[in-house]
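Shown next, in structure tokens, is the structure this report addresses.
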Amino acid sequence: LRPASSSRQPDLRGGADGLALASDPGSTLNLLAMVENLQGDSGRGYYLEMLIGTPPQALNILVDTGSSNFAVAGVPDPDVTSYFNTELSSTYKSQGIDVTVKYSQGSWTGVLGTDVITIPKGIYGSYTINIATILESENFFLPGVKWHGILGLAYDALAKPSSSVETFFDSLVRQAKIPNIFSLQMCGAGLPVSGSGTNGGSLVLGGIEPSLYKGDIWYTPIKEEWYYQVEILKLEVGGQNLELDCREYNADKAIVDSGTTLLRLPQKVFSAVVQAIARTSLIQEFSSGFWTGSQLACWDKTERPWSLFPKLSIYLRDENSSRSFRISILPQLYIQPILGIGETLQCYRFGISSSTNALVIGATVMEGFYVIFDRAQRRVGFAVSPCAEVDGSPVSEIEGPFTTADVASNCVSSVSFHEPVLWIASYALMSLCGIILLILIILLLIPPRCQHRYTDNDVVNDESSLVRHRWK
């Protein structure tokens, strides 16, 4: 079965969608030039080379669809090989605004500024972009990483210190007048997750490159524009439905995040998936530490343990809400080689983990697909990636359409407790407390000098909208 025209890719060869031809020499866009502009691996992220400042300083920048700030190392750090020296750039302008981003693991603090950037394997020209220079960090730059900054490609709702900071991609769309769409391919299927760090990949800014996918592109709506939030309808392990309430898969959100290493599942879903995999696998006894990520499983290098495990399928709602499609990953994507021991053993980790606040489609799944972030039409597309092969065989699949008659009409909670709501509620409560305190002070005739003045310590530090679970 093929999807209807509403869910298929736009015609890139001069169609009405306005996407530039890959071979058009007079265009800002040359999509073919962006093929294989990424390097990296799923364990430590995929990065893009970028030239920053005047004269240009070359840095590797982590591609992250789960955050919205563009930030680079601004001072020497023992875990980075290069940093952006603002004093050497004649075009750098500091905005004098401090910015802090905290993660569940790691954080950084820096100063906002602007400078010009060019992307050697990207769109033509130089563009002025908001840049946060990282002056202090904790567990953000890690030993062995080959990148020096982070490129947040999510929406401005997640930008720090506020959504008024124009994001990198919004700046490109406005200045270069490119279509409001980008696409991402990460080619690490079946390769060590922390290997040489030279796996290929492509970040295509402003369009879709036909050579990077096979078959049709299937689209699912973006439910809300902060993260790339989508709607998961159900999961299957080895073709068997987990039979959970579909709201469990979206608790409290489901997002597509290239900066997250693993496929992360809400605790109840994770437990069901582990039980189903253990039940359908050909392994009689398996250490619980493997499933929780505390232990590796090792086999002789001549063996291929992937044949012991089942396929995992995720159903996404189609643009036509009465239909769905499924993206499937074979064990080659979630049973991941990580360490060789001697000449005989290869050890693997479980590429799925539990989460307290989201289902996150991270690199474990994304390495199987060419993923299109179509911001203009508020949808995320998936197509099979030609590089998602191990030993010459595909390790990912897309199938559909399927009916959604067996699931609820809406699997996403109608109440969204993300950053703007929390900030408004927090300030409302603080204001109420302040009014009550003021009344008490007046009634007790306490001198004005004892009235409380708000300090930085009183500001609500909301971590609910910050990027989490980047490194496991």
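Quick notes on this one:
- The stretch 229-259: GluC sites (Glu not before Pro) in DSSP coil with no more than 13 other Cβ atoms inside 10 Å: 243
- Residue 301/residue 142 FRET efficiency (R0 41 Å; Cβ-Cβ; nearest 0.05): 0.90
- Straightening the chain between residue 87 and residue 294 buys 70.1 nm, computed as 0.36 nm per residue apart minus the Cα-Cα spacing.
- Remark: the Cα gyration tensor places the stretch 30-201 in the rounded category, a/c being less than 1.5.
- The number of Lys pairs in the stretch 213-440 with C-alpha atoms less than 21 Å apart, excluding pairs fewer than 8 positions apart on the same chain, is 8.
- Residue 356 accessible area, 1.4 Å probe, all protein chains in place, Å² to nearest 10: 130
- List 98, 156, ordered by accessible area with a 1.4 Å probe, largest first: 98, 156
- Accessible area per residue for the stretch 30-201 is 37 Å², calculated with a 1.4 Å probe on protein heavy atoms, without ligands, DNA or RNA.
- Mean separation of Cα contacts under 8 Å (6+ apart) over length of the stretch 213-440, as relative contact order %: 28
- Separation of the residue 439 and residue 162 label points, Cα + 7 Å toward Cβ, nm: 3.0
- A 1.4 Å probe run over the protein chains yields, for the stretch 213-440, 41 Å² of accessible area per residue, whole-number rounding.
- Net dipole in debye of the stretch 213-440 [+1 Lys, Arg Cβ; -1 Asp, Glu Cβ; about Cα centre; nearest 20]: 260
- The length gained on full extension between residue 95 and residue 271, counted as 0.36 nm times the residue separation minus their Cα-Cα distance, comes to 58.6 nm.
- Within the assembled protein chains, the solvent-accessible surface assigned to residue 252 is about 90 Å², based on a 1.4 Å probe.
- Ligands, DNA and RNA left out, the accessible area of the stretch 213-440 computed with a 1.4 Å probe is 55% carbon and sulfur.
- Spin-label model, residue 391/residue 118: points 7 Å from Cα along the beta carbon direction are separated by 4.6 nm.
- Accessible area of the stretch 30-201 belonging to carbon and sulfur atoms, whole % at 1.4 Å probe: 50
- Between the beta carbons of residue 376 and residue 339, assuming R0 = 41 Å, the FRET efficiency works out to 0.45 to the nearest 0.05.
- With the simple spin-label model, which puts each label point 7 Å out from Cα in the Cβ direction, the residue 321 to residue 432 separation comes to 3.3 nm.
- Where trypsin sites (Lys or Arg not before Pro) fall in DSSP loop in the stretch 58-138, at most 16 other Cβ within 10 Å: 121
The values are calculated or read from the model by the stated rules, or taken from the named source; none is laboratory data. This one's a predicted model, so the numbers in the text were calculated from it and none came from an experiment. All Cβ positions, glycine included, derive from the backbone under ideal geometry; neighbour counts span all protein chains shown. These accessible areas exclude ligands, DNA and RNA; they are computed on the full protein's heavy atoms, side chains included. Shrake-Rupley method; radii C 1.70, N 1.55, O 1.52, S 1.80 Å.
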